[in-house]
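Enquirer: Here it is: the structure, laid out below.
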Amino acid sequence: MCNDPKVDAYLTKIGQRLIQHLNTRGIDYLWEFHCVNDKAVNAFALPGGFVFINRGAIEAADNEAQLAGVMAHELSHVAMRHGTNQATKAQYAQLGAGILGAAGSIFGSAAGAAAAGAGQLTFGSVLLHNSRSAETQADVMGTQDLYDSGYDPRAMAAFFENLNASAETKGPPEFFSDHPNPDHRIERVESEVRKLGGAPEGAQKDSAEFEAIKREVAALPAPPKGKPTSPGPQPGANVPLNVPKPEAPSADVTPLRYAKASLTYPANWKNYSKKNALLLVPAGGVIDSGNGQGVLAWGLLGGVASARGSDPLRDGTQKLLESLQKENQAMVIDQPSASISINGQAALSSYLHNDSPTGGTEKDWLVTVIGPGGLYYYVFVAPEADHPRFKPAFESIIDSIQFQK
Ligand SMILES: [Zn+2]
């Protein structure tokens, strides 16, 4: 993340302006706008209203209207629920994990890569590739949104023209891998502008603020080296480090409601949960991985993934395990999932090993159970050597889980 409040505030201001004129079909999204410290020209949105704009997209835009055009395109994907559609068709376990990874970043840099605890669930799993027809829909709806918001609607086509031009020298921008170019994309946007009667009177193209923000972005620290989607120590750097251990989980507990469930957790842990994404961390449970990003070494992260099929618990768990392993070269599943019961409800318990960000080995306990709205999953993370000290607290959390009727 850029972690620059000025830039995020500016993106939020444009976003809020566009939202005023966006047809969300009556759904009240919790919109959030964040700048990502990545030079690749890209932007993406998650189901639910989290919109991420790479600094590369801000740098590639010639004016505020072009930046607003990219954002209107992303907002349109959210409003038309392209991400959730896609997710129900495929990748659903991954989507659950992906939302969590992104939510982790939203919580701020400390918990930013908390997803890493579960095995570095990262933006990679978040990016949903849109179909070409979804792209056309987002272009058309976004162009209308630009128009209605008082921006020059021709900016959308102009931005794509920029991308096409730079593709000739630098290769296709990352934007086109997540937003595949439909045939005649620019012509389609231009014909939409004609249908709207051209740019509205006094349509805005640029602002002094845009130029100031562009300078602000240019002065940001360089993105972390290597793949920004892979925080945490490198595989092989498996040497125990001298990391102070968090204090023992307290016996006092704090109640928490999230999604359609509730649980209690040790009162000396911090709660970073949001909507469906669960993130509970003891003080000192997130450590600096050495590249400026926090990584979860002790704590609980969880979420809700959709689950279908004849055996949604077992199939959903399998999908989740597969996606965890795909993201983690070092992750090993120790044993087949075992049946357990949570307050009389069938659940599965699985143990995994991974490299710990503290060095050495990490033990992850994955518990999955079907609840209202899908597969609820809980990943309890601790360095293997310290796992026994946390195990009773982990089990108490599982015992406390209740679902809304
Ligand atoms: Zn798109």
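Enquirer: Checking ILE58 against (1) more than 22 Å from ALA218 (Cα to Cα); (2) more than 16 Å from the ligand (Cβ to nearest atom); (3) at pLDDT 90 or above, which single condition isn't satisfied?
Expert: If we test ILE58 against (1) more than 22 Å from ALA218 (Cα to Cα); (2) more than 16 Å from the ligand (Cβ to nearest atom); (3) at pLDDT 90 or above, just (1) comes out false.
Enquirer: Further, regarding this structure: In segment 15-26, what residues are open to solvent by less than 60 Å² (accessible area, probe 1.4 Å) and either under 21 Å from the mean Cα position of the chain (by Cα) or basic (Lys, Arg) (or both)?
Expert: GLY15, ILE19, THR24
Enquirer: Please give the strands (runs of 3 or more DSSP E) falling wholly within segment 1-54 in which 1 or more residues are over 15 Å from ALA138 (Cβ atoms).
Expert: Filter on segment 1-54 gives 32-36, 50-54.
Enquirer: Conditions: (1) among the hydrophobic types (A, V, I, L, M, F, W, C); (2) under 27 Å from ILE287 (Cα atoms); (3) in contact with a Gly (Cβ under 7 Å, 6 or more places away or on another chain). ILE398 meets all but one. Number of the miss?
Expert: Of everything listed in (1) among the hydrophobic types (A, V, I, L, M, F, W, C); (2) under 27 Å from ILE287 (Cα atoms); (3) in contact with a Gly (Cβ under 7 Å, 6 or more places away or on another chain), ILE398 misses just condition (3).
Enquirer: Of the residues in segment 160-198, how many are more than 25 Å from VAL51 (Cα to Cα), within 16 Å of the ligand (Cβ to nearest atom) and in contact (Cβ under 8 Å) with a residue 12 or more places away in the chain?
Expert: Qualifying residue count for the region: 1.
Enquirer: For SER350, only one of the following conditions fails: (1) of a type outside the set (Phe, Trp, Tyr); (2) modelled with pLDDT under 90; (3) surrounded by 15 or more Cβ atoms within 10 Å (Cβ to Cβ). What is its number?
Expert: With (1) of a type outside the set (Phe, Trp, Tyr); (2) modelled with pLDDT under 90; (3) surrounded by 15 or more Cβ atoms within 10 Å (Cβ to Cβ) applied to SER350, the lone miss is (2).
Enquirer: Report, ordered by the first and then the second residue, all pairs with beta carbons closer than 7 Å, sequence separation of six or more or different chains, a first member in segment 209-220 that is surrounded by fewer than 19 Cβ atoms within 10 Å (Cβ to Cβ), and a second member that is part of a loop (DSSP other than H, G, I, E, B) and not polar (S, T, N, Q).
Expert: Close Cβ pairs satisfying both conditions: GLU216/ASP4; LEU220/CYS2; LEU220/ASP4.
Enquirer: Separate question: State whether the residues of segment 304-323 include one that is within 25 Å of VAL286 (Cβ to Cβ), of a type in the set (A, V, I, L, M), assigned to a strand (DSSP E or B) and over 21 Å from the mean Cα position of the chain (by Cα).
Expert: Taking every residue of segment 304-323 in turn, none turns out to be within 25 Å of VAL286 (Cβ to Cβ), of a type in the set (A, V, I, L, M), assigned to a strand (DSSP E or B) and over 21 Å from the mean Cα position of the chain (by Cα).
Enquirer: Kindly indicate which of GLY290, GLY226, GLY284, GLY309 is more than 21 Å from GLY359 (Cα to Cα), modelled with pLDDT under 85, out of contact with any strand residue (DSSP E or B) (no Cβ under 9 Å at 6 or more places or on another chain) and open to solvent by 40 Å² or more (accessible area, probe 1.4 Å).
Expert: None of the other options fit; the residue is GLY309.
Enquirer: Is it true that some residue in segment 13-23 is at positive phi and out of contact with any Ser or Thr (no Cβ under 6 Å at 6 or more places or on another chain)?
Expert: Checking segment 13-23: not a single residue is at positive phi and out of contact with any Ser or Thr (no Cβ under 6 Å at 6 or more places or on another chain).
Enquirer: In segment 89-176, which helices (runs of 4 or more DSSP H) lie fully inside it and hold 2 or more residues that are at pLDDT 90 or above and either buried (at least 24 other Cβ atoms within 10 Å of the Cβ) or touching a His at 6+ places or on another chain (Cβ under 7 Å) (or both)?
Expert: By residue number, 132-148, 155-170.
Enquirer: Mind listing whichever residues of segment 353-378 are in a strand (DSSP E or B) and modelled with pLDDT under 90?
Expert: Listed by number, the residues that qualify are HIS353, ASN354, ASP355, THR361, GLU362, GLY374.
Enquirer: If we scan segment 72-81, do we find a residue that is within 25 Å of ALA212 (Cβ to Cβ), away from the ligand (no atom under 15 Å from the Cβ) and either at pLDDT 75 or above or outside any loop (DSSP other than H, G, I, E, B) (or both)?
Expert: The answer is no, given that none of the residues of segment 72-81 is within 25 Å of ALA212 (Cβ to Cβ), away from the ligand (no atom under 15 Å from the Cβ) and either at pLDDT 75 or above or outside any loop (DSSP other than H, G, I, E, B) (or both).
The values are calculated or read from the model by the stated rules, or taken from the named source; none is laboratory data. Here the structure is a predicted model, which is why all the values come from computation and not from measurement. Don't worry about glycine lacking a Cβ; one is built from the backbone with ideal geometry, like all the others, and counts go over all protein chains shown. These area figures cover heavy atoms from the full protein model, side chains too; ligands, DNA and RNA do not enter into them. Shrake-Rupley method; radii C 1.70, N 1.55, O 1.52, S 1.80 Å.
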